[in-house]
1. Select from region 43-60 the residues that are among the aliphatic types (A, V, I, L, M) and closer than 12 Å to residue 30 by Cα and write down the one among them that is surrounded by the most Cβ atoms within 10 Å (Cβ to Cβ).
2. Examine region 19-30 for a residue that is surrounded by 13 or more Cβ atoms within 10 Å (Cβ to Cβ), modelled with pLDDT of 65 or more and among the hydrophobic types (A, V, I, L, M, F, W, C), and state whether such a residue exists.
Amino acid sequence: MAHIIRPSDNNSYFSCRALSRPSAVSRVRCVRCNARIPPARRRAVQGVQYCVTCQETNERKDRHDSMRKA
């Protein structure tokens, strides 16, 4: 029988989910350009490896590459 989560169980449910996720270490400096990664970004994106500029460049490149393959 599946466990039913009640509203009072929300805190323990979310705590358990957070603890079950593998923790990834965020970098202080971007892997690509060596720019500092702001603390707010490191907190917001677990395991962040790139600064915003390099991340956007990577995503644009990935989109372009996926369009070429299609």
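The values are calculated or read from the model by the stated rules, or taken from the named source; none is laboratory data. These figures come from a predicted structure and were not determined experimentally. Cβ sites come from the backbone with ideal geometry, for glycine too, and all protein chains shown count toward neighbours.
1. Ranking the candidates gives 48 first.
2. For region 19-30, residues surrounded by 13 or more Cβ atoms within 10 Å (Cβ to Cβ), modelled with pLDDT of 65 or more and among the hydrophobic types (A, V, I, L, M, F, W, C): present.
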